Amino acid sequence: MPNPLISSAAGPLKGTCAVPGDKSISHRALMLGALAVGETRVSGLLEGEDVAATAAALRALGATIERDDDGTWRVHGVGVGGLAEPDGVLDLGNSGTAVRLLAGICASHGFTTLMTGDASLRGRPMGRIIEPLERMGARFEARSGGRLPFALIGADQPLPIEYRLPVPSAQVKSAVLLAGLNAPGETRVIEPAPSRDHSERMLRRFGAEVGVEAHADGGSVIAVTGYPELQSCVLTVPGDPSAAAFPMAAALIVPGSDIVIRQVGVNPGRVGLIETLREMDARIEMGPRRELGGEPLADIAVRAGPLRAVEVPAARAPSMIDEYPILSVIAACAEGTTRLNGLAELRVKESDRLGATAAGLRAAGVTVTERDDGLDIEGCGGPPPGGGLVATHLDHRIAMAFLILGMASGKPMTVDDGSMIGTSYPGFVADMNRLGASIAAE
C-alpha cells in the first residue's frame, strides 16, 4: 500500500549520524562471498530490500547466507563455478544492480535461471548486459526491448571476450568481469571513461587477478583472469555516499544547520557530488581518510550557508549518477541557474528520474527547463515556495529528495509514496527526524 509522507520546514539540523552501508559494495560482498571458498564475514551490510533480494537469490543458487544477532553476515561460498540451478524464479525486487550482476555470474554457469523484478525493474532495459553476455555464450529469452522477466541459459563453455562499453557503466563492466571469473583465459572490458571501481577493488580483496591499464584510444582496460580460487575474507562496508547525500543536502539548505556524517565511503569514483557542491560554495569538510576493506572512508562535516549556481559537466555524471535528484533540490535553493548535463542515463533508472525530478521541482514552485539529457534549474536563492504533491513513480531517491526539499520550503512538500525508501535507506525518516527534521505520515 502507498505510504504518503509530508515534510515541513525544519529548524537547524544538529548532531551526528551514520548512514546505512554502501549498497553497491553490499551487493558485491554477498556475491563474491558466495563464489569464494570458506566463510566470508561482512559487517555494516546494508539491510535494505535491494540487498535482501540479492541474499535470497544467492541462497536459491546454493550459497548459505546467515545473519548473526550482532548484525554480522556470514556467507558460506561454493567456489567459482559452483552455483546450482535455482528451483524457482529469482525475484530481484527493485534492484537493477542485483539483476545485472547476478546475470553476469549466472551467464557462465551451464544452467537456466529465471529472473524478474517489481513493476519498476520490469520496465528497465537489460539489453546493455544481454549483448556482451551472449557474446560469451549465454542465451536470453526476454520480453521486447530486452526487459524482465527473462530466462538466462548459461554457457556450458563460456568464452572470454574483449568488450568495449558504449558508455561508462559500472554495472555492465561488472557483469562482464563476473562472467569472466568462470571462463578460461582473460576477459577484458574497455571503458571510455572511469566508472565506479567497487568490483575491481573487491575482486582483488578476494584474491582474483585484476589488471588495469591505459588503452591506446583513451580510457582504460580492465582485465580479470578466469578460474581463480577466491578466498573468503572479513569485510566492513563503509557508509553509502548516495545515502549520505540526503542529510548532507538537508544541512546545506536548512539555515543554521551543522552536522557530521560518520564513516562515509569516499571512493574516487563516488565523490562527484562533493566536488560539485564545493564549486557551489558549500561548506563541506572531509576528515582524515582511512582504508577499510580496500575502500577509503572519512567523516564528513556539513554546515549551512549561501550557495551559488554552477554548470555541471557531462563527464562528471558517472561519479554521481544517483545523486542528481538531490543535487537538483540543492540547486533549487541556490542563487542563479544551475545547468546539469549528460543525464540521458537517468531516463532508464528506477523511474524516468529526469522527468520525475523536473515534475517535483515544478510542484515546489521552482522554474525548471527539461532537456533530453539535462535540466536547467532556476534557483530561488533561498527557500522555494513548496506546497506541492510529488509523484515518486516507485523511486526511492525521488521520494527522499523531495522530503529533504520540504524541510527548506515555505510550505510543506508531500510525496505520494515513501514505502520504497527502505530499498536503499531503511531508517531514513527516523534518522532525519533525529537531526531535527519534521517528516511524518500524511
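So, with +1 on the Cβ of K and R and -1 on the Cβ of D and E, and no other charges, what is the size of the charge dipole of region 81-222 about its Cα centre, to the nearest 20 debye?
Dipole of region 81-222, to the nearest 20 debye: 380 debye.
From the backbone phi of region 196-206, what are the Karplus-calculated ³J(HN,Hα) couplings (6.51 cos²θ - 1.76 cosθ + 1.60, θ = phi - 60°) in whole Hz, Gly and Pro given as x?
Coupling constants for region 196-206: 3, 10, 4, 5, 4, 4, 6, 4, 5, 4, 8 Hz.
Which of the chymotrypsin sites (Phe, Trp or Tyr not before Pro) found in region 93-189 are loop residues per DSSP with 12 or fewer other Cβ atoms within 10 Å of their Cβ?
none
For region 235-365, treating each Cα as an identical point scatterer without solvent, what Debye log10 I(q)/I(0) comes out at q = 0.10, 0.16 1/Å?
-0.32, -0.81
Take the alpha-carbon positions of region 141-189, form their convex hull, and give its projected area averaged over all directions (one quarter of the hull surface) in nm².
Approximately 4.0 nm², given one-decimal rounding.
Would you mind checking the radius of gyration and Dmax of region 231-282 based on alpha-carbon positions, in Å?
13.6, 49
Can you compute the charge dipole magnitude of region 305-442 about its Cα centre, using +1 on each Lys and Arg Cβ and -1 on each Asp and Glu Cβ, nothing else charged? Give it in debye, rounded to the nearest 20.
Taking the Cα centre of region 305-442 as origin, the dipole is about 260 debye.
Decide, for region 190-242, between rounded, prolate and oblate: order the square roots of the alpha carbon gyration tensor eigenvalues as a ≥ b ≥ c, take rounded if a/c falls under 1.5, and otherwise choose prolate if a/b is larger than b/c, else oblate.
oblate
Find the relative contact order for the chain and round it to a whole percent, using C-alpha pairs within less than 8 Å whose residues are 6+ positions apart.
Across the chain, relative contact order equals 20 percent.
Nearest 20 debye, what's the magnitude of the dipole of the chain about its Cα centre given +1 on Lys and Arg Cβ and -1 on Asp and Glu Cβ?
Once rounded to the nearest 20, the dipole reads 360 debye.
Starting from the exponent 0.38 and prefactor 2.2 Å, build the expected Rg for region 23-236 from its residue count and divide its actual Cα Rg by it.
0.93
So how do Ser8, Ser199, Ser319, Ser120 line up by other beta-carbon neighbours within 10 Å, fewest first?
The fewest-first ordering by Cβ neighbours comes to Ser8, Ser120, Ser319, Ser199.
Taking amide H atoms as placed 1.01 Å from N in the peptide plane, list the residues 5 or more away in sequence, or in a different chain, whose amide H sits under 5 Å from that of Leu83.
none
Cα-Cα pairs above 29 Å in the chain: how many percent?
When every Cα pair of the chain is considered, 44 percent fall beyond 29 Å.
Could you quote the convex hull projected area for region 305-442, Cα atoms only and averaged over all directions, in nm²?
Over every viewing direction, the Cα hull of region 305-442 projects on average to 7.6 nm².
No value in this document is a laboratory result; all are computed from the given coordinates. This is a predicted model, so every value here is computed, not measured. Note that we place each Cβ from the backbone using ideal geometry, even for glycine, and neighbour counts take in every protein chain shown.
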